[in-house]
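All remarks here apply to the structure that follows.
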Amino acid sequence: MSAYTVTNPATGTVEATYPNATDEQVAAAIDAADEAYRTWGRTSTKASRAALLARVADLYDERKDELATIINHEMGKKLDEAVGEVEFSASIYRYYAEHGEEFLADQPIDRDAAGSAVVRKMPIGALVGVMPWNYPYYQVARFAAPNLMLGNTIVLKHAALCPKSSAAMEAIFSEAGFPKGSFTNLYADFDQVHSLISDPRVRGVSLTGSERAGVTIAQEAGAALKKVVCELGGSDPFIVLGTSDMDALVQTAVAGKYENCGQVCNGPKRFIIVDSLYDEFLKRFAEASSAVELGPLCSLKAAERLSAQVADAVADGATLALGDGKNDGAFFAPTILTDIPAGSKARYQEFFGPVSQFYRVKDEAEAIALANDTPYGLGSYVFTTDPAQGERVADALETGMTYVNEVGADSAELPFGGVKNSGFGRELGSLGINEFVNLKLISLD
Ligand code: NDP
């Protein structure tokens with residue numbers, strides 16, 4: 001059986017299998033990607049590329065129900081959330097269609113000497129994208145939209161769980177009018193990805209996924225002297241130092257925690273609550289969590305992995321304050337861990353699902369120290385009634401993003417990325433178009 005398989009996690013039924021790419025298909029994909037870069041990426045106008053992206057955005061909107069149903073079957077996302085993801089992805093293609101030309105404008109340089117100089121933003125070539133299953137359309141949009149605007153071309157290796165959504169995306173790019181080779185979906189295995197990364201015509205690699213995959217892909221890219229962007233996991237702190245509205249705070253926390261069944265790289269994972277609010281917040285959050293109806297995790301394997309992590313945490317001394325920590329097939333109920341001992345493994349791991357860790361702290365300084373005591377540095381959340389405290393804590397947190405008094409504010413114009421083991425590079429916003437770019441100096445005497 002092919003590794004690329006649609007197994008509905010809600011039922012366990014295998015709904016479709018897709019054959020792995022042959023080595024000939026891999027070779028043809030890179031030939032086509034390089035050819036498209038040379039004939040289209042380097043020569044087409046910015047306006048024409050923007051028009052193609054706008055058409056992609058329209059097609060996502062027109063097909064939102066069909067696209068949403070595909071990922072509902074592939075990785076279990078609830079239909080309303082799946083529609084939301086398709087709409088968000090459309091907004092990203094539209095954002096780069098509307099702003100791409102402005103982001104790619106020449107940057108004139110004031111010279112001391114006579115003559116003139118500009119920095120011109122040029123494409124660099126074919127890129128490989130290795131993408132995960134948790135947001136099958138959105139993760140690809142973050143990578144594809146700015147790079148196609150720039151004139152780079154893309155070979156996609158999507159997650160083995162997502163063969164149908166990746167084929168649907170390839171069809172949309174083709175139908176929108178992108179030339180052959182500008183976006184190719186490949187059901188590649190790891191060795192084939194490695195051979196792509198080593199190919200001299202591939203000029204960069206973007207990975208969104210686990211830390212483990214990041215280590216391998218970054219090593220392979222480094223060995224071949226290719227630029228790499230890594231958007232890896234996170235164990236984002238949700239720090240509560242003050243609130244004037246406990247109801248709204250609990251609602252915000254619950255909405256952020258259980259989106260996509262908790263399978264969100266920058267979702268709140270460690271709740272760090274000041275002593276005076278801890279008991280009430282925990283009680284209310286646990287009550288609200290019990291009432292949440294979740295769909296399945298992306299696979300049985302993911303649910304079993306989460307179950308094993310929770311069992312390890314409990315064996316190390318943590319308390320289960322909500323849930324029994326056991327999966328039911330691919331389903332996993334909202335779960336809360338408290339009293340996680342200092343030094344225990346759980347403190348330093350990402351729990352990719354509806355599991356929350358709770359920590360009681362005495363003040364702002366202890367909250368910051370605990371929040372930073374992690375290998376990860378993706379996002380962070382701070383809740384306070386004091387704007388100066390919000391800014392101070394934001395400055396002190398070692399993460400790529402801090403959201404003050406809000407969760408789930410992701411938007412096409414806001415840059416996304418992490419520090420430490422959460423990776424490097426930025427996606428989205430004006431920064432997202434500057435990763436795989438030749439910032440070319442043109443100096444005229
Ligand atoms: P992986 O990192 O294994 O998968 C992400 C992508 O990387 C998939 O396309 C996968 O392919 C591919 N991949 C993994 N290893 C290699 C390799 N050596 N060479 C080439 N491609 C590779 O994530 P998992 O699906 O195993 O999820 C495990 C954990 O990853 C989660 O629990 C979470 O911690 C983290 N994660 C983080 C995400 C984020 O948004 N930052 C998203 C998803 C996961 P294939 O599917 O064929 O294995």
*Taking a quarter of the surface of the Cα convex hull of segment 140-186, what do you get in nm²?*
3.0
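Of the listed peptides 214-222, 369-377, what is their order by residue-averaged count of other C-beta atoms within 10 Å, with the highest listed first? Present the calculation step by step, with values, prior to reporting the outcome.
Values: 214-222: 17.8, 369-377: 19.4.
Packing order, densest peptide first, comes out as 369-377, 214-222.
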*asked:* Could you tell me the calculated FRET efficiency between GLN219 and SER411, based on Cβ-Cβ distance and R0 = 41 angstrom, to the nearest 0.05?
replied: 0.80
_Rg over Rh [alpha-carbon atoms, Kirkwood Rh] for segment 306-422_ = 0.99
_Per DSSP, loop trypsin sites (Lys or Arg not before Pro) in segment 116-184 with at most 15 further Cβ within 10 Å_ = LYS180
*Label-point separation, LYS283 to ALA171 (7 Å along Cα→Cβ), nm*: 5.4
*Simple label model, 7 Å out from Cα along Cβ direction - ASP386 to LEU300, nm*: 5.3
*asked:* Give me the one-decimal nm value for the distance between modelled label points at VAL14 and THR319, 7 Å along each residue's Cα-to-Cβ direction.
replied: 4.6
*Along principal axes, Cα extents of the chain, largest first, whole Å*: 66, 62, 41
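For segment 82-124, compute Rh as the Kirkwood radius over C-alpha pairs and then the Stokes-Einstein diffusion coefficient at 10 °C and 1.306 mPa s; write the answer in µm²/s, rounded to an integer.
Values: Rh = 13.1 Å.
Taking Rh from Cα pairs, D becomes 121 µm²/s.
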*Stokes-Einstein at 25 °C, 0.890 mPa s, Kirkwood radius from Cα pairs: D for segment 1-65 in µm² s⁻¹?*
158
*At 37 °C and 0.692 mPa s, what whole-number value in µm²/s does Stokes-Einstein give for the translational diffusion of segment 1-150, with Rh from the Kirkwood sum over Cα pairs?*
183
_Phi-based couplings in Hz for segment 323-333 (Karplus 6.51, -1.76, 1.60; Gly and Pro marked x)_ = x, 9, x, 10, 7, 10, x, 8, 8, 8, 6
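Quickly estimate the mean residue ellipticity at 222 nm for the chain, helices only: each DSSP H run with n ≥ 4 gives -39500 (n - 2.57), and the total goes over all residues, rounded to 500. Each step should come with its number before you reach the end.
Numbers: 13 runs with 183 residues, N = 445.
Rounded to the nearest 500, the figure is -13500 deg cm²/dmol.
How much length, in nm to one decimal, is gained on full extension between ASP31 and VAL292, taken as 0.36 nm per residue of separation minus their Cα-Cα distance? Before the final figure, lay out each step's value.
Details: separation 261, 0.36 × 261 = 93.96 nm, distance 4.90 nm.
Computed gain between ASP31 and VAL292 is 89.1 nm.
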*asked:* Treating segment 110-225 as a set of equal point scatterers at the Cα positions, no solvent, please give the Debye-formula log₁₀ I(q)/I(0) at q = 0.17, 0.19, 0.20 Å⁻¹.
replied: -0.81, -0.99, -1.09
*asked:* Over the Cα atoms, compute the radius of gyration (one decimal) and Dmax (the largest Cα-Cα distance, rounded to a whole number) for segment 117-162, in Å.
replied: 12.8, 48
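Each value in this text was obtained by applying a stated rule to the coordinates, not by laboratory testing. Everything quoted here is computed from the prediction, not taken from an experiment. Backbone-built Cβ (ideal geometry, glycine too); neighbour counts: all protein chains shown.
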